[in-house]
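The values are calculated or read from the model by the stated rules, or taken from the named source; none is laboratory data. Treat the numbers as computed from the prediction; the structure is a model and nothing was measured. Glycine gets a Cβ as well: all are built from the backbone with ideal geometry, and neighbour counts include every protein chain shown. To get the accessible areas, we keep the full protein, side chains included, count just its heavy atoms, and leave off ligands, DNA and RNA. Shrake-Rupley method; radii C 1.70, N 1.55, O 1.52, S 1.80 Å.
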Amino acid sequence: MGGCHSYPSAREADRKALQPSDISNQKLGINNNNQEGRPYLLQQYVCQQITHADMYALTALPPGVDKAEWLASNTVAFFKHINLFSSALSEFCTPSTCPTACGPGNAVYVWTDDHGRKLKCSAPLYFDYAMSYIQDLLTDEDVFPTKAGAAFPTGFVFLVQKVFLLLFRTLAHIYWSHYSETLLLGLHPHLNTLFMHLTLFCRQHALLDPEDTEPLQDLITALGQQGRT
């Protein structure tokens, strides 16, 4: 399977890099979500991306390509990008800093286990569950076949939708609870690019419902306007 667009590194001029030790010495607060002004919406940040590629062209189904194959390859690639990005911030997302898995507007994400029980857990535990669940799906040949001519299972699109909901929530938590660290590390152009690509891909292929994306609809709108300037 192929992959989605690979992003280059942010330009050196965009970096405001601090060492991790510099960040850990600052008092960032539990969940870091007392951000009524939502700094990720400020023009000075929302305008920064690391590629000016045509995102609409990147998300559209190429002529002659099987749709299930296109969804599968992009699911794998988005997972790799987002897992890598969240790993870069993992030292700041701990049970003490993030006792709940939350997103914009203090939305709380609750994990449902294999027995249907809802588990309210810390953000690192929730997203560990999420990434492990996705990894297990991606390595299951019955769900994401890699052999030529192998059929995708019934309900494949439903599983892909669930994966993208978890990936969206991962980025939503980063914007809401770890945007300060993202800025300090100079990773905000990459975050904006990754988020815009994911939301456009989901819109193009009907992978997320409006209520799923509503907590960050203001950012989706702002990035969309920026992309048209």
Out of residues 5 or more away from Ile50 or on other chains, whose amide H comes under 5 Å of its own, with H placed 1.01 Å from N in the peptide plane? Thr193
Estimated distance in nm for a label pair at Arg38 and Leu84, the labels positioned 7 Å out from Cα along Cα-to-Cβ: 2.9 nm
In the structure shown, of Lys67/Lys120; Lys67/Lys162; Lys80/Lys147; Lys120/Lys147, the pairs separated by more than 27 angstrom at the C-alpha atoms are Lys67/Lys120; Lys120/Lys147
Probe 1.4 Å, all protein chains in place: accessible area of Trp70 in Å², nearest 10? 40 Å²
Once fully extended, how much extra length lies between Glu91 and Ala60, figured as 0.36 nm per residue of separation less the alpha-carbon to alpha-carbon distance? 7.6 nm
Of all the Cα-Cα pairs you can form in the range 85-229, what percent are over 20 Å apart? 53 percent
The range 209-217 - phi-based ³J(HN,Hα) in whole Hz, Karplus 6.51/-1.76/1.60, Gly and Pro as x: 7, x, 5, 5, 8, 3, x, 10, 5
Return, ordered by residue number, the residues of the range 90-106 whose backbone nitrogen is under 19 Å from a label point located 7 Å along Cα→Cβ of Leu125. 90-103
Gain in length, Lys162 to Ala107, computed as 0.36 nm per residue apart minus the alpha-carbon separation, to one decimal in nm? 18.0 nm
Can you list residues whose amide H is under 5 Å from Cys102's amide H, if they're 5+ apart or on another chain and H is modeled 1.01 Å from N? Tyr109
Whole-Hz Karplus ³J(HN,Hα) for the range 198-204, in order, using 6.51 cos²θ - 1.76 cosθ + 1.60 and θ = phi - 60°, x for Gly and Pro? 5, 5, 5, 5, 5, 5, 4
